[in-house]
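Engineer: Mind having a look at this structure? Questions to follow.
The values are calculated or read from the model by the stated rules, or taken from the named source; none is laboratory data. Predicted model only: the values in this text are computed from it and were never measured. In this analysis, Cβ positions are derived from the backbone assuming ideal geometry, glycine residues included, and neighbour counts consider all displayed protein chains. Ligands, DNA and RNA are stripped out before the accessible areas are found, and what is left, the full protein with its side chains, is counted by its heavy atoms. Shrake-Rupley method; radii C 1.70, N 1.55, O 1.52, S 1.80 Å.
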Amino acid sequence: MRELKDSYDVVVVGAGPGGSMASYATAKNGVKTLLIEKSQEIGEPVRCAEAIPSIEEFGIKPSPEFVRNIIKGGILFSPSGKKVVVTQGKAQGFVVERKIFDKYLAVRAGRAGAKIAVKSTVVGLERDGDYWNVIVEFLGEEYVIKTKIVIAADGVESNVAEYAGLKAKKKPLDICSCAEYEMTNVELFDKNMMEFYFGNDVAKGGYAWIFPKGETANVGLGVRDKKKKAIDYLEEFIENSLASDKLKNATPVEFKVGGAPVSGPIEKTYADGILVVGDAAGQISPLTGGGIYLAMDCGLMAGEVASKSIKSNNWSEDVLKEYERLWKEKHYEYLLNHLKYRKILEKLSDDELDALAEALGDNLDGIDLKKFVKRIITKKPSLLKYFKDLI
Ligand SMILES: Cc1cc2nc3c(=O)[nH]c(=O)nc-3n(C[C@H](O)[C@H](O)[C@H](O)COP(=O)(O)OP(=O)(O)OC[C@H]3O[C@@H](n4cnc5c(N)ncnc54)[C@H](O)[C@@H]3O)c2cc1C
């Protein structure tokens, strides 16, 4: 592939939302960019429930080409079936067809001028003075590509940051194991609301979801459990749970498995000539496992900072650290808070989850932390021990 026979200012590894947004930003800024993806088709295989809170702020129109549904909020179900409806004013999100959405983002980067190599796997990085030699395998042949900056956007199984000496390896329980069927004939409470099911038997250390997608819905769950597999939880959720009635006529059209790294951001997301983005950097909510928006936003920031550093002819970590300052300013507190909430939720028994749902009431419009904790303290003082550190 001729793309692998050239040298570049920036090589981006991984054409997920993070990598494609980073490549779009560098290419748009006139920086010579190569985006490398190991799959033979960008967007495949899908490992996602495909819900995203916002895309317009990236200058992307919610086109019917990839938007399958508009989402107005969520319904949370406690283990005994107490419902809490969560909305954020008039805010809307989307369920997208990620196969198409991810490819759309890569095409956008390509149209901005990025070169793209598919079915190409980065297998190593070697420092060569101020440059990186990126070692890539394509159809059994090895290629060495010289570049000034590498952006590691290689997802949950990231190796690239480690190749560059950053600490990015995730331990097994840092990762929420997920299994999901995309199904048709799912009965929904509301075709524009996502459904979330909690309970230690439903999904230990995580939750189950039903995200409506139009003619289909993503029915899945994520767990953190050494003893029982996500797929076994999922079969039980379908056969024997609060949701079973609504799933009795449902049948799958796709099966997806994957991991979500839910232990918060990695220690350091930059070094000389390298930036780490998206799931690879732990930029994903430890509570919900939502990472598409964060990967896109942080990818864009990484692309902008990389472009500036190329233009100033200095891609040392002193310049690249601006990326970490920017993404932390916008997202760090949110990620740390979500990590705290997750740690609290996974301590609660099913009775306590029911009590929490009672305390929250039927409707939550926006989740203001102070209001939320105050409600819990007044309505269910027995839960105070878990939530008092949040005040
Ligand atoms: C079951 C499940 C459901 C989820 N549901 C949602 C949801 O509803 N909403 C949401 O916001 N988030 C969801 N997530 C999380 C979301 O999928 C990720 O946070 C998001 O995809 C992160 O984007 P990324 O660009 O960082 O990484 P990815 O999308 O994982 O992209 C990384 C890319 O790098 C490629 N790659 C890896 N290694 C190499 C290599 N060595 N060389 C070349 N290419 C490489 C991979 O093939 C992949 O294409 C879910 C995750 C799972 C597992």
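Engineer: With respect to residue 70, is the statement that it is open to solvent by 20 Å² or more (accessible area, probe 1.4 Å), within 15 Å of the ligand (Cβ to nearest atom), touching a residue at least 60 places away in the same chain (Cβ under 8 Å) and not hydroxyl-bearing (Ser, Thr, Tyr) true?
Structural biologist: Against the criterion (open to solvent by 20 Å² or more (accessible area, probe 1.4 Å), within 15 Å of the ligand (Cβ to nearest atom), touching a residue at least 60 places away in the same chain (Cβ under 8 Å) and not hydroxyl-bearing (Ser, Thr, Tyr)), residue 70 qualifies.
Engineer: Go through the range 23-64 and give me each residue that's open to solvent by 20 Å² or more (accessible area, probe 1.4 Å), more than 15 Å from the ligand (Cβ to nearest atom) and part of a helix (DSSP H, G or I).
Structural biologist: 28, 56, listed by residue number.
Engineer: Let me ask another. Restricting to the range 232-265, name every residue that is assigned to a loop (DSSP other than H, G, I, E, B), open to solvent by 40 Å² or more (accessible area, probe 1.4 Å) and within 30 Å of residue 331 (Cα to Cα).
Structural biologist: 263 - this is the single residue of the range 232-265 that is assigned to a loop (DSSP other than H, G, I, E, B), open to solvent by 40 Å² or more (accessible area, probe 1.4 Å) and within 30 Å of residue 331 (Cα to Cα).
Engineer: Next question, about the same structure. Being within 30 Å of residue 216 (Cα to Cα), more than 15 Å from the ligand (Cβ to nearest atom) and β-branched (Val, Ile, Thr) narrows it down to one of 292, 238, so name that one.
Structural biologist: 238
Engineer: Of the residues that sit in the range 83-112 and are closer than 18 Å to residue 25 by Cβ and among the aliphatic types (A, V, I, L, M), which one is most open to solvent (accessible area, probe 1.4 Å)?
Structural biologist: 107
Engineer: For the subset of the range 146-162 comprising residues that are near the ligand (Cβ under 9 Å from one of its atoms) and open to solvent by 10 Å² or more (accessible area, probe 1.4 Å), which member is modelled with the lowest pLDDT?
Structural biologist: For the range 146-162, the residue satisfying everything is 157.
Engineer: Also, I was wondering about something else. Just give me the residues in the range 237-253 being among the hydroxyl-bearing types (Ser, Thr, Tyr) and over 14 Å from residue 203 (Cα atoms), in sequence order.
Structural biologist: Of everything in the range 237-253, those that are among the hydroxyl-bearing types (Ser, Thr, Tyr) and over 14 Å from residue 203 (Cα atoms) turn out to be 244, 251.
Engineer: Moving to a separate point now. Considering only the range 164-176, how many residues are closer than 25 Å to residue 42 by Cα and surrounded by fewer than 22 Cβ atoms within 10 Å (Cβ to Cβ)?
Structural biologist: 4
Engineer: Within the range 81-103, is even one residue assigned to a loop (DSSP other than H, G, I, E, B) and touching a strand residue (DSSP E or B) at 6+ places or on another chain (Cβ under 6 Å)?
Structural biologist: For the range 81-103, residues assigned to a loop (DSSP other than H, G, I, E, B) and touching a strand residue (DSSP E or B) at 6+ places or on another chain (Cβ under 6 Å): present.
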